[in-house]
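First the structure, in the form of structure tokens, and then the observations on it.
Please treat every number below as a calculation from the coordinates, not as lab data. Keep in mind that this is a model prediction, so the values were computed, not measured. Because the Cβ atoms are built from the backbone with ideal geometry, glycine has one as well, and the counts that use them run over all protein chains shown.
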Amino acid sequence: VSVLAGLRAGAVIPPEVVRIIDKSQRVRRHMVEAGVRLIPGPDGGIGPHKPQDVLTQAVIKLSEVMPNRDILTAATSHAAQACTVDSSKGRLAPGHDADVLVAPGDLEQDLATLSNPVAVFHRGRRAR
């Protein structure tokens, strides 16, 4: 995903990269069909080829293999459970940290709006 997110407009993706991407999507699709709980995340590392929105791109890429509502659950409450921080993160509830990204439109219809947040709240206070 970071390879795709870091491409400049008009760049050509090498055929071997396209094959790897296609294979990884087939694997993800099979995992979803088998009931495996997927959690979207950025691949590690920092560098010019790894843009800051790589997590958003990973979430959007999953929309090719699972419904948007399931992806949003995977990226929030399931991710918090996997990291064992679900007692304070992963959902909006009393006692939780209230970390929220506000995106325009209906995310169940279009996850791409995650790339253009209207507001970001950290522990209930507006950060952006």
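What to note about this one:
- Highest mean packing first, where packing is the average number of other Cβ atoms within 10 Å per residue, the peptides 72-84, 11-23, 109-121 line up as 72-84, 109-121, 11-23.
- The residues packed around SER77, meaning those with a beta-carbon under 9 Å from its beta-carbon, carry a net charge of +1 if Lys and Arg are +1 and Asp and Glu are -1.
- Principal axes of region 56-120: Cα extent on each, largest first, Å: 31, 26, 16
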